[in-house]
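S.K.: Can you keep this structure in mind? I'll have questions shortly.
The values are calculated or read from the model by the stated rules, or taken from the named source; none is laboratory data. All values reported here derive from a predicted model rather than from experimental measurement. Here the Cβ is made from the backbone with ideal geometry for all residues, glycine too, and neighbour counts use every protein chain on show. Keep in mind that these areas ignore ligands, DNA and RNA; they rest on the heavy atoms of the full protein, side chains included. Shrake-Rupley method; radii C 1.70, N 1.55, O 1.52, S 1.80 Å.
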Amino acid sequence: MSAMWNTLGIWIQVFLTLAVFSFLYKDNPFYKFAEHLFVGVATGYWVVLQIRNVLLPNLFEPLFLHFADPFLLIPLFLGLVLFTRLIDRYSYLSRWGMAAVVGIFAGLAIFGFGGGDLIIQIRSNIMPFLDKVALQAFDSHPGFITFLNVLSNPIFILGTISVLFYFFFSKEHTGALGIVSKVGIYLLMISFGASYGNTVMARISLFIDRAQFGIQNWKPTVIIGVLMIIAFVILAIRGKDDSSTPSVSEM
Amino acid sequence: MAVPNQQDNQTLMQKIETMDRRIIFLAIAITIILPLIFPLGLPINVSPQVKDFYSAIENIPDGSVVLFPNDYDPASKAELYPMTVAIINQLFGPGKNGEDRNLKVIGLGLFPAGPPLLEKAFKDVAQDKYGAKYGVDFVNLGYKEGREIVMASMGESIPKTFPTDFFGTSIDSLPIMKGIQNYGDIAIIVNVSAGYPGTKEWVQQVVSVFDISMVAGVTGVSAPEYYPYYSAGQLQGMLEGLKGAAEYETIIGHKGIATSGMDAQSLGHFVIVFFILAGNVLFLINKRHDTNAKGGQR
């Protein structure tokens, strides 16, 4: 019985994977079905999870089953008043709950950013212009890599300064300031390129995962894929397929 | 007389520039699928941040408690699940001298759909491969809403924040949780993160406040955001996307799903670089052609 459910699960996974990828061909009923199913399942799962993993163990059970912590009535009240937005007459009460949420998150974010980002990041940028260890390594083993290691600190320091100068808008970017801010914008472009490269890597990884899954389960992939192609042909013949062919220039 | 349409007047270069984009999708799909069927075995070089990730876990004392938040869901499974599996292999595998390290691993997730993935990895690797026992050697505390509030609350009391585990069992009844109160009892945080809430929030809310060691495995998209934390020493080591997972599999000696995808990844990058270069060359050629054509009309 378990094997049968497992097989059925694989067939459903294959169908939904191909249905989502079919959007690369064009918008179609298979894609729409998968999209709506995903939204519905995700919403249902999220609601059940919140009740089972959060509301029951952290609020209702300690409050009403074990009578452990009467202070839990406060978050219960603030949570319930959020729903007064549905009643015009009492909707102002929802601001109390919202104020608590915004206040707590803003407080944690400011505290976290100050301690975790601002101070430590500034401190980590305070470094010697030339690293003694890198210089010694270059002295004992002269080579391209050891030379790059020597350049690491100067690039870091000058790069940080030039990028900061690029965001200095109180003076026109001409003369020396223009040159420094030009270096800053080039460094920013390099960092954007690195981010784009990482994004490409991540997207390809997603496809690799699905391709590996399709190869491992090649029989259902081929059968469902062929059936989908037949369905596309039938839709095209019946004239229901009226979306235009996309070109590279539309990307 | 037939009127020639605009398509007929296009040069070959213009036709290529405006070709159906699905040809590019097909080319990339073929380039990725072929090496998955016929592997090339391209070499994998282990980068310093991956070596540091490995060393940070290797250097914690035997018998330590490891906090293992897996903050991702199926949307990032392709990149991050191989990391989870590889990390569990290092945590439960033998130490440098072949000894049993007896580490206690507390898993959790701040993404709603994350804990079932962690549960599968625990069962397949910790339980079935290394014989680790649930509730004794490892536990899955499951998901909790609250994001940064959960992290801050765990600093006060982990049992109060997570009164029950993923299965609804009271954590007071689990031997692994005996004597564990807060971050003071944790040796290292090993975070696998897909975004918010994740590595950034753990660093901001926990590492900088409670002075605790942390390593992180993150998605390729978000990795550039976390390099400053690594270079500042707030992260002891870092795995970056599927590439990082493959390097980590290499260093721990358990070649798995990440390694098997690296040939496809490399060839996929090669094809995309080719298309970017070709697109720019075509753009310049066609721009020159258009300029010349306009000059001729004058």
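S.K.: Can you find, within the stretch B:153-168, the residue that is nearest to the other protein chains (Cβ to nearest Cβ) among those that are open to solvent by less than 10 Å² (accessible area, probe 1.4 Å) and among the hydrophobic types (A, V, I, L, M, F, W, C)?
M.R.: Step by step, filter the stretch B:153-168, then rank; the result is B:162.
S.K.: Still on this structure: Could you give every pair whose Cβ atoms fall below 8 Å, whose first residue belongs to the stretch A:1-14 and is farther than 20 Å from residue B:74 by Cα, and whose second residue is open to solvent by 90 Å² or more (accessible area, probe 1.4 Å), counting only separations of at least 6 or pairs across chains?
M.R.: As it stands, the answer is none, since no pair meets every condition given.
S.K.: Hey, another quick one. Search the stretch A:157-172 for residues that are surrounded by 13 or more Cβ atoms within 10 Å (Cβ to Cβ) and pair each with any residue that is among the charged types (D, E, K, R) when their beta-carbon atoms are under 9 Å apart and the residues are at least 6 apart or on different chains.
M.R.: A:162/A:182; A:166/A:182
S.K.: For the stretch B:42-62, enumerate the residues that are in a helix (DSSP H, G or I) and touching a residue at least 40 places away in the same chain (Cβ under 8 Å). Before you say what the answer is, go through the steps one by one.
M.R.: Within the stretch B:42-62, the subset in a helix (DSSP H, G or I) is B:48-58.
Once the filter is applied, which keeps residues that are in a helix (DSSP H, G or I) and touching a residue at least 40 places away in the same chain (Cβ under 8 Å), the stretch B:42-62 yields B:49, B:50, B:51, B:52, B:53, B:54, B:55, B:56, B:57.
S.K.: I need the full set of residues from the stretch B:63-99 which are more than 23 Å from residue B:246 (Cα to Cα) and in contact (Cβ under 8 Å) with a residue 24 or more places away in the chain, in order please.
M.R.: Correct list: B:63, B:64, B:65, B:99.
S.K.: Has the stretch A:81-102 got any residue that is closer than 24 Å to residue B:165 by Cβ and more than 11 Å from chain B (Cβ to nearest Cβ)?
M.R.: Just the residues of the stretch A:81-102 that are closer than 24 Å to residue B:165 by Cβ, to begin with: none.
No - not one qualifying residue is present in the stretch A:81-102.
S.K.: Do we find a residue being in a helix (DSSP H, G or I) and more than 13 Å from chain B (Cβ to nearest Cβ) anywhere in the stretch A:209-219? It would help to see each step written out before you state the result.
M.R.: Taking the stretch A:209-219 first, the residues in a helix (DSSP H, G or I) are A:209-216, A:218-219.
Still in the running and more than 13 Å from chain B (Cβ to nearest Cβ): A:219.
Yes, the stretch A:209-219 contains at least one residue that is in a helix (DSSP H, G or I) and more than 13 Å from chain B (Cβ to nearest Cβ).
S.K.: In the stretch A:92-127, how many residues are under 30 Å from residue A:152 (Cβ atoms) and either in contact with a Ser or Thr (Cβ under 8 Å, 6 or more places away or on another chain) or in a helix (DSSP H, G or I) (or both)?
M.R.: Pass one, the stretch A:92-127, residues under 30 Å from residue A:152 (Cβ atoms): A:112-127.
Subset that is either in contact with a Ser or Thr (Cβ under 8 Å, 6 or more places away or on another chain) or in a helix (DSSP H, G or I) (or both): A:112-125.
Result for the stretch A:92-127: 14.
S.K.: Considering every residue within the stretch A:22-37, establish whether at least one is open to solvent by 40 Å² or more (accessible area, probe 1.4 Å), within 30 Å of residue B:29 (Cα to Cα), more than 26 Å from the chain's Cα centre (by Cα) and more than 14 Å from chain B (Cβ to nearest Cβ).
M.R.: Pass one, the stretch A:22-37, residues open to solvent by 40 Å² or more (accessible area, probe 1.4 Å): A:23-25, A:27, A:29-33, A:35-37.
From the residues that got through so far, the ones that are within 30 Å of residue B:29 (Cα to Cα) too are A:23-25, A:27, A:29-33, A:35-37.
Within this subset, residues satisfying the condition of being more than 26 Å from the chain's Cα centre (by Cα) are A:29.
Going one step further and asking which of them are more than 14 Å from chain B (Cβ to nearest Cβ), we end up with A:29.
There is at least one residue in the stretch A:22-37 that is open to solvent by 40 Å² or more (accessible area, probe 1.4 Å), within 30 Å of residue B:29 (Cα to Cα), more than 26 Å from the chain's Cα centre (by Cα) and more than 14 Å from chain B (Cβ to nearest Cβ).
S.K.: Of the conditions (1) closer than 25 Å to residue B:58 by Cβ; (2) facing chain A (nearest Cβ under 8 Å), residue B:204 satisfies every one except a single condition; which number is it?
M.R.: Among (1) closer than 25 Å to residue B:58 by Cβ; (2) facing chain A (nearest Cβ under 8 Å), residue B:204 violates only (1).
S.K.: What tally of residues in the stretch A:184-197 results from selecting those that are more than 13 Å from every other protein chain (Cβ to nearest Cβ) and open to solvent by 70 Å² or more (accessible area, probe 1.4 Å)?
M.R.: The number of residues fulfilling the criteria is 2.
S.K.: Then there's this: Which residues, taken from the stretch B:249-265, are of a type in the set (Asp, Glu) and within 11 Å of chain A (Cβ to nearest Cβ)? Walk me through it before giving the result.
M.R.: At the first step, the residues of the stretch B:249-265 found to be of a type in the set (Asp, Glu) are B:249, B:263.
Once the filter is applied, which keeps residues that are of a type in the set (Asp, Glu) and within 11 Å of chain A (Cβ to nearest Cβ), the stretch B:249-265 yields only B:263.
S.K.: Regarding the stretch A:38-61, can at least one residue be identified that is within 30 Å of residue B:21 (Cβ to Cβ), open to solvent by 70 Å² or more (accessible area, probe 1.4 Å) and assigned to a helix (DSSP H, G or I)? Let's see the steps before the verdict.
M.R.: Narrowing the stretch A:38-61 to residues within 30 Å of residue B:21 (Cβ to Cβ): A:38-39, A:42.
Filter again for open to solvent by 70 Å² or more (accessible area, probe 1.4 Å), leaving A:38-39.
Adding the requirement that they be assigned to a helix (DSSP H, G or I) leaves A:38-39.
Scanning the stretch A:38-61 turns up at least one residue that is within 30 Å of residue B:21 (Cβ to Cβ), open to solvent by 70 Å² or more (accessible area, probe 1.4 Å) and assigned to a helix (DSSP H, G or I).
S.K.: Cβ-Cβ below 7 Å, separation at least six or inter-chain, first residue in the stretch B:14-36 and more than 20 Å from residue A:216 (Cα to Cα), second part of a helix (DSSP H, G or I) and of a type in the set (Val, Ile, Thr): which pairs?
M.R.: Sorted first by the residue in the stretch B:14-36, then by its partner, the pairs are B:17/A:248; B:18/A:248; B:19/A:248; B:21/A:248; B:24/A:248; B:27/B:271.
S.K.: Do any residues in the stretch B:266-288 that are open to solvent by 80 Å² or more (accessible area, probe 1.4 Å) have Cβ atoms under 8 Å from those of residues that are in a helix (DSSP H, G or I), where the two are at least six apart or on different chains, and which pairs are they?
M.R.: Final answer for the pair search is B:270/B:31; B:283/B:17.
S.K.: Going through B:215, B:206, B:150, B:190 one at a time, which residue ends up being open to solvent by less than 10 Å² (accessible area, probe 1.4 Å), touching a Gly at 6+ places or on another chain (Cβ under 6 Å) and of a type in the set (A, V, I, L, M)? Break it down into steps so the answer makes sense when it comes.
M.R.: On the way: B:206 fails: touching a Gly at 6+ places or on another chain (Cβ under 6 Å); B:150 fails: touching a Gly at 6+ places or on another chain (Cβ under 6 Å); B:190 fails: touching a Gly at 6+ places or on another chain (Cβ under 6 Å).
Testing whether each residue is open to solvent by less than 10 Å² (accessible area, probe 1.4 Å), touching a Gly at 6+ places or on another chain (Cβ under 6 Å) and of a type in the set (A, V, I, L, M) leaves just B:215.
S.K.: Let me ask another. Among the residues of the stretch A:169-178, are any under 30 Å from residue B:267 (Cβ atoms) and of a type in the set (A, V, I, L, M)? Don't jump to the end; show me each part of the working.
M.R.: Keep residues of the stretch A:169-178 that are under 30 Å from residue B:267 (Cβ atoms), which gives none.
Scanning the stretch A:169-178 turns up no residue that is under 30 Å from residue B:267 (Cβ atoms) and of a type in the set (A, V, I, L, M).
S.K.: Here's another thing I want to ask about it. In the list B:226, B:183, which residue meets the criterion of being of a type outside the set (Lys, Arg) and within 25 Å of residue A:153 (Cβ to Cβ)?
M.R.: Testing whether each residue is of a type outside the set (Lys, Arg) and within 25 Å of residue A:153 (Cβ to Cβ) leaves just B:226.
S.K.: What number of residues in the stretch A:62-71 are away from chain B (no Cβ under 11 Å) and in a helix (DSSP H, G or I)? Lay out the reasoning, then the answer.
M.R.: Initially, the stretch A:62-71 is screened for residues away from chain B (no Cβ under 11 Å), giving A:63-65, A:67, A:70-71.
When the remaining residues are screened for being in a helix (DSSP H, G or I), the result is A:63-65, A:70-71.
Selection size over the stretch A:62-71: 5.
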